[in-house]
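Just so it is clear, none of the values below were taken in a lab; they were calculated from the coordinates. These figures come from a predicted structure and were not determined experimentally. Cβ: placed from backbone, ideal geometry, glycine included. Neighbour counts: every protein chain shown.
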Amino acid sequence: MTHPALISIDLAKNVFQLHGVDHSGKVLFRKRLRRSEMHQYFAKIDATSVAMEACATSHYWARELRCAGHHVRLIAPQFVKPFVKRQKNDMADAEAIAEAAQRPTMRFVPVKTEDQQRRAIIFRSRDLFVRQRTQLINALRAHLAEFGAVAPKGAAQLARLRSVLKTPDNGLPEDVVEMGELYLEHIANLSDRIDELTLRLHEESKANEQLRRLQTMPGVGPITAVALESFAPDLTTFHRGRDFAAWLGLVPNQHSSGGKQRLGRTSKMGQRDIRRLLISGAMAVVQWAGRRGHASDPWLTRMLVKKPRMLVAIALANRMARCLWAMTVKKEEFRQPHQLAS
């Protein structure tokens, strides 16, 4: 059999579909392998190019196949979908991955390291626990509101609900008090876990020179810095800061035609965790400037006079992304843009 120039793999939990093609794109074979057969199969064939969708377990398999001497490329699923022919099945998906990988203009996803994925798991776990705590607090507020005990939103108002449950003559049924205490116990356990993971993220940010450098920018803290290092590819792969901002989804959608440029709302097509954190950090900078009555940055002062705060925060997040790219590429700490121009 002719040695394949490219093997595409449709990943799954137990059974993987392989699709081999030569340099002209001619199909050489279609093969199914079980998970236990993957290492043995790729260890005995000559080095070749391997393409996969950037989905669950893809980064693990990319690292494993690279160790076996193969050249691995990951493709974002949205770039594979247009090549699927009518019926969707494992064979059609594997063929679509091969078609997409052969396109000369195709963009590929960088393979994450184990260290990146380790930090990402810490970040995701903390994020999950925060959401679960919010759900529990809202559920407790809703339950007690049915009996007239009303408290505002937010974790800071939890003490008011706790005091209601601890009051002897609160007028609440015994079962309601018992369930409320169960909620409070669960919320306290989650808060302890969140504090532990937050401390670990802070320690991660202190141990890495790059993470310390990123935190010199106003609005970027340890959690944002760790998210950038964990979820973003090497920023030097972007040609300019705008490309990184576009990857994050912080640039306007384009609906241009006939030489006439039409820009819409923010695309939101990139990495949502980093985008959310940058916008939150930008909003903190905007609110601080609003309390002071002016900003140290003349651009921000002018924007706050003309535009709504949320719009200004998104524009500032876009500029923060570009500055983060420049800081990483040049290995410099943050300096205000107006200071650079002077």
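Quick notes on this one:
- Among the listed pairs LYS44/LYS112; LYS268/LYS306; LYS81/LYS330; LYS112/LYS260; LYS31/LYS85; LYS26/LYS268, a Cα-Cα separation exceeding 30 Å is found for LYS81/LYS330; LYS112/LYS260; LYS26/LYS268.
- For HIS239, neighbours were defined as the other residues whose beta-carbon sits under 14 Å from its Cβ, and their charges (Lys and Arg +1, Asp and Glu -1) total +2.
- Count Lys and Arg as plus one, Asp and Glu as minus one, and take only other residues whose Cβ is under 12 Å from that of TRP288; the net charge is then +2.
- Only helical runs count toward this figure. For the chain, summing -39,500 (n - 2.57) over DSSP H runs of n ≥ 4 and dividing by all residues gives -18000 deg cm²/dmol at 222 nm.
- For the range 186-225 versus the range 33-96, the gap between their alpha-carbon centres in whole angstrom: 34
- Whichever lysines have a C-alpha closer than 19 Å to that of LYS206, once near sequence neighbours (fewer than 8 apart) are set aside: LYS331
- Of the GluC sites (Glu not before Pro) found in the range 77-186, those in coil by DSSP whose Cβ has at most 16 other Cβ atoms within 10 Å are GLU146.
- LEU28 long-range amide H proximity, modeled H, under 5 Å: GLY20, VAL21, ASP22
- Local charge for LYS268 was computed over the other residues whose Cβ lies under 12 Å away, with Lys and Arg +1 and Asp and Glu -1, and equals +4.
- For the chain, the longest site-free run once trypsin sites (Lys or Arg not before Pro) in DSSP loop states with at most 14 other Cβ atoms within 10 Å are removed: 154-239
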